[in-house]
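Structure first, commentary second.
Derivation of every value follows stated rules applied to the coordinates shown; laboratory data play no part. Keep in mind it's a predicted model, so treat the numbers as computed, not measured. Backbone-built Cβ (ideal geometry, glycine too); neighbour counts: all protein chains shown.
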Amino acid sequence: MKIAEIKVLVSSPGRNFVTLKVITDEGVYGLGDATVNGREMAVAAYLEEHVVPCLIGRDPHQIEDIWQYLYKGAYWRKGPITMAAIAAVDMALWDIKGKVADLPVYQLLGGKSRKHITTYGHANGETIEKTLDHLGNLIEKGFKVVRLQCVIPGLGGTYGTLGKKKNYEELQSDRPLPPEQPWSTSKYLNFIPDLFRQARERFGYNIQLVHDVHSRLTPIESAQLGKLLEPYNLMFLEDASIADNQSNYQTIRQHTTVPLAIGETFNTIWDAKELISNQSIDYLRTSITHAGGITPVKKMANFADLYNVKMAPHGAPDLSPICHAAQAHFNIWAPNFGVQEFIGFGSDKLNSVFTHPLHFENGFIYLNDKPGLGVDYNEETATNYKYNRSYLPVTRLEDGTLWYW
Ligand code: EZ4
Ligand code: CO
C-alpha cells in the first residue's frame, strides 16, 4: 500500500479548519486536523509545500518512521505550525491503519480502559448570577465537571466569556484585525474567589469545578489565587501562569494545594518534562493536534503516568471534530485519563461538513466502533464555506502595556 495523493483542505463552516486527507493507491483514505487558530494558512502552506511532496509513494503503515522523518528528520524542529502539520499526518495514518485493520483506533492503542469519557463544559456570563444560572443549566444537562468564567467588572470581554456572541463557533467572525481587550490582575484577583464562593453556596460540592486563568498571572500571583480558591475544592486551576520557565510551577506548588493543569499550547514533551518529573502539575492538557499527533501524545501519557499526572486534553471548538474524535479514541484508552474539555459541536454548518463517531449525553462522550477514527469530511459542502482570515484577541494592561491573552 502506498500514499498516492494528499489534499490540504481549508474551510470555514462557522470557523476556520485545516484538514488533511491522505489517500492511498488502494482507495482507503485517512483524515487529520491541522488547525492552529489564527495561523491556519501557515500550517496549510507548511503541509502543501514542505510535507506532502515527501510523503507521496511511502507506505502509510509506517506511522512511527514517518513521524520520526517529519520530526527528527527536519533540522527546524518543534513549534506550533510544524507540530500541527505532523499531527495531521499522524492522525490520518492511524485512521488508515484502523480502516485497513477494520478496527477503531482505540483498539490499536490497547483497547478500552473505561466505559465513557467524562467532559468539562463551559459556563460563562456577564455577571456571577448569570454565570451560575449557566452552571445550573449544565448541571441539569448532566455535566459532572464545569469550567466557570465570568466577566470581571470593569473589564468587559474577559477571556472565556462570549460578549454579544451566542456561541463559541461565532467568536471568529467579523475580525479583520486582532481585537484588543483590557486586563487588570488586581481587579481579577479581588473578584474570582467570590464567583466560586457563590457557586458552592448555590450548588454545593456535588459538582466538580474548573477555572481557566489563561496564563495571565505571575507564579506568585497564581499561588495567591490558588490559596484563595482552596476552600472551594477545584478539580484544577488551568493555565495559572506560563511555563516558559518550568520552575514557575514549583513556585506555585510550594504555596497552594489547588491542583494545577497546563499544556494546551505545548508542542512536545520537552515543554512539560520538568513540570511532570518534578510533580509540579496534576493534569497535562496537551492536544493531539497541537503536539504532533497520537504517536507522541501516547508517549507523553505514559511518561506522565509515572508521576501521577493525568491527561486532560484541550478541547476548545477551534480543534476540529477530527481532533475531538482522535482524542476520544485516545481518552478511552489512556490509563491515566482525567477529563476532556468539550462543549459539543453546536452549529449545523459544522455538522454539514464533518461527521464523527461521538455521542454526547449526561456530560459523557461515548464512542462508536467505526473503523479508524470514524470521521468524515464532506469536501463538496465545505466549498460553500470559504476561509475567512481571523485572529485571536490581544490583551493590554490598563496603562497600555501588552500582556498575555
Ligand atoms: O483560548 O483554543 O481551554 N481552552 C482555551 C481555549 C483557547 C483557544 C485558543 O485558540 O483556553 O479557549
Ligand atoms: Co484553556
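Just to confirm the number: angle between the C-alpha axis of helix 321-333 and the first principal axis of the chain, 0 to 90 degrees, nearest 10?
80
Mind giving me the FRET efficiency for Ile56 and Thr383? R0 is 25 Å, r the Cβ-Cβ distance, nearest 0.05 is fine. Could the numbers behind the result be given before it?
On the way: r = 24 Å, r/R0 = 0.96.
Taking R0 as 25 Å, the efficiency between Ile56 and Thr383 is 0.55.
Report, in debye and to the nearest 20, how large the dipole of the chain comes out about its Cα centre when Lys and Arg carry +1 and Asp and Glu carry -1 on their Cβ.
440
Under 10 Å, Cα contacts only: if you run a Gaussian network model on the chain, which one of Arg285, Arg389, Arg58 comes out with the highest mean-square fluctuation?
Arg58
Under a point spin-label approximation (7 Å from Cα along Cα-to-Cβ), what is the Asn206-Ser352 distance to one decimal in nm?
Here the answer is 4.2 nm between the modelled labels.
Select from Ala301, Phe345, Leu228 the residue farthest towards the positive end of the dipole of the chain; place +1 on Cβ of Lys and Arg, -1 on Cβ of Asp and Glu, and compute about the Cα centre.
Most positive-ward Cα: Leu228.
Out of the chymotrypsin sites (Phe, Trp or Tyr not before Pro) in the range 259-359, which ones are loop residues according to DSSP with at most 16 other C-beta atoms within 10 Å?
Tyr307
Using θ = phi - 60° and the Karplus relation 6.51 cos²θ - 1.76 cosθ + 1.60, list the HN-Hα couplings for the range 31-40 in order, rounded to whole Hz, with x at every Gly or Pro.
For the range 31-40, the Karplus-derived couplings read 10, x, 9, 10, 7, 10, 3, x, 9, 4 Hz, x marking Gly and Pro.
Would you tally the net charge around Glu201, using a Cβ to Cβ cut-off of less than 15 Å, leaving Glu201 out, and scoring K and R as +1, D and E as -1?
Charge balance in the 15 Å sphere: 0.
Mean residue ellipticity at 222 nm from the helices of the chain, using -39,500 (n - 2.57) per DSSP H segment of n ≥ 4 over the full residue count, to the nearest 500 deg cm²/dmol? Intermediate values should be presented prior to the final figure.
Working: 14 runs with 138 residues, N = 405.
After summing the helix terms and dividing by residue count, I get -10000 deg cm²/dmol.
Taking every pair of alpha-carbon atoms in the chain, give the share separated by more than 27 Å as a whole percent.
That fraction is 49 percent.
Once each part is reduced to its C-alpha centroid, what is the distance from the range 5-23 to the range 293-346 in angstrom?
If you average the Cα positions of each part, the centres end up 21 Å apart.
What ranking, highest mean first, results for peptides 106-114, 128-136 when packing means the other Cβ atoms within 10 Å averaged over each residue?
The packing order, highest mean first, is 128-136, 106-114.
How would the range 3-104 be classified by its alpha-carbon gyration tensor: rounded, prolate or oblate, with rounded meaning a/c under 1.5 and the a/b versus b/c comparison settling the rest?
Note, shape of the range 3-104 comes out oblate.
With r as the distance between the Cβ atoms of Arg77 and Glu129 and R0 = 51 Å, compute the FRET efficiency 1/(1 + (r/R0)^6) and round to 0.05.
0.55
What's the angle, to the nearest 10 degrees (0 to 90), between helix 128-141's Cα axis and the longest principal axis of the chain?
Around 50 degrees separate the two axes.
Given a Förster distance of 35 angstrom, what is the FRET efficiency for Thr185 paired with Asp369, based on the Cβ-Cβ distance and rounded to 0.05?
0.10
So which of Lys227/Lys273; Lys97/Lys349; Lys273/Lys298; Lys78/Lys298; Lys21/Lys72; Lys112/Lys298 end up more than 19 Å apart by C-alpha?
In this structure, Lys227/Lys273; Lys97/Lys349; Lys21/Lys72 exceed 19 Å between Cα atoms.
Helix 80-101 versus the longest principal axis of the chain: what is the Cα-based angle in degrees, 0 to 90, to the nearest 10?
Roughly 60 degrees between the two axes.
Could you pull out which residues in the range 200-221 have an amide N less than 15 Å from a spot 7 Å beyond the Cα of Gln254, following the Cα-Cβ vector?
So the set is 219-221.
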